[in-house]
1. Below 14 Å, Cα to Cα, which aspartates and glutamates can Lys2 reach? Residues fewer than 8 away in the same chain don't count.
2. Based on the mean of other Cβ atoms within 10 Å per residue, sort peptides 303-313, 134-144 so the most packed one is first.
3. Holding the Cα-Cα limit at 30 Å, pick out from Lys143/Lys250; Lys47/Lys270; Lys155/Lys250; Lys40/Lys206 the pairs that are longer than that.
4. Amide H to amide H, which residues 5 or more places from Ile9 or on other chains are under 5 Å from it, using H placed in the peptide plane?
5. Connecting C-alpha atoms closer than 10 Å in a GNM of the chain, tell me which of Gly165, Gly60, Gly77 has the biggest fluctuation.
6. Are there DSSP H segments in the chain that both extend 18 Å or more along their axis (alpha-carbon positions) and score a mean Kyte-Doolittle hydropathy of at least -0.5? List them, or say none.
7. So what is the 222 nm mean residue ellipticity for the chain from helices alone, if each DSSP H run of at least 4 adds -39500 (n - 2.57) and you divide by all residues, rounding to the nearest 500 deg cm²/dmol?
8. Could you line up Leu266, Leu249, Leu326 from fewest to most neighbouring Cβ atoms inside 10 Å?
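Laboratory data are not the source of any read-out in this text; all were calculated from the coordinates shown. If you're wondering where the values come from, they're calculated on a predicted model, not measured in any experiment. Quick reminder, even Gly has a Cβ in these numbers, built from the backbone with ideal geometry, and neighbours come from all protein chains shown.
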Amino acid sequence: MKNNQLVMIPGPTPVVRSIMDQMAREIISFKDVEFVNDFKELVLDLKEMWHAEEAFVIAGTGTMAMEIAAANSVKAGDKVLLISHGYFGDRFIDLFQRRGVIVDLLSSEWGKTVSIEEITKKLEENSYKAVTITHVDTATGTKADIETVGKIVSKYDDTVFIVDGVCASAGEREYIKEMNIDVLLSCSQKAFGVSPGLAILWASEKAMNRRESMGTIIDSYMDFLKWLPIMKDPMKYYGTPPVNLIWALKESVRLIKEEGLENRYLRHAKDAAAIQIALESMGFGILAETGSRASTLSNVLYPEEIFDVDFRQILSEEGVVVASGLGEYSGKLFRLGHMGNIDKHTIVSTLAAIERTLYRCGKDIDFGIGVGIYLNEVMR
Ligand code: PMP
């Protein structure tokens, strides 16, 4: 009998029934009062829950959100400090350079993070219009200490702090005000547990002042000032809002409120630590260093004699789909997403399928070892 498939890639993540139902609703006019009120409430919730001055929900993916953050913060000739912990941090290089922005790059070896001392030194020696960092780099599974970096950047009045929260927001702790974040960018398909299609951004007062001071910018669809009137009153029009996705995100935010943001962060942290110990007990390694491991995904190094393509093929037959490694880690690891609205049933089933896969790959495994360790860690 064929196993049900669990999609355990780091986005899109599994979509729960109540969110799916919102996507399946019959379309109504985006000027219908019911939708306008729903959209307005969603933006207010996002602002309140993440302690932000403004929030934006715009049709697009995470990359679009990166572009929006860049377009509203810097212009040609400006200098940015780019802190990169992997593939998605590096994605900012081309994105800024196409805009004529000068990039100063600080990058770490994959699995490690750039030291706070290096960041402090760069900021002391140079003047930057913006600093960017990826909260969780999905290629490496490393989590950046955005709180400490934010504190350092906040000493510089003319520097905005941009955080890529694509693989973090709604799974890892992020508060705009307390963490001195100026632009937090994210999207719908990861820890929010909605299908792909929405760019989500939060902005501080400092970020909005920066945008105002830039005057007319070359982008229109990506301009905060074009969308601000719509975010305040969705009865106004700039571009047609993706009605069903906005409803789906509203349902996701309702679920988050019901769980409590802090409880949600704690659940992710506890599950991730337990999953990582369980995987290590089965002979895998975790690429990210202890102390900077993400709660939203794990980048899992294969033990000797386990081959990537075979492993992922058998795992998929056993009912779990994971993602391959990127860059130099292609073939050396698999990426396991564990964020959003996944429950213990899903995690236990995933670990059990990994055990069956190891067995089928020829490893002498004690069945239940990973599942047992996970449950012991997470339940006691
Ligand atoms: N930033 C990070 C950290 C990501 O993980 C991703 C996608 N995996 C992106 C940006 C780009 O997002 P998208 O694929 O939705 O354009």
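1. Glu317, Glu318
2. 134-144, 303-313
3. Lys155/Lys250
4. Gly337
5. Gly77
6. Span-like helices, by this rule, are 33-49, 243-259, 261-281, 344-360.
7. So the calculated ellipticity at 222 nm is -13000 deg cm²/dmol.
8. With the sparsest Cβ surroundings first, the list reads Leu266, Leu326, Leu249.
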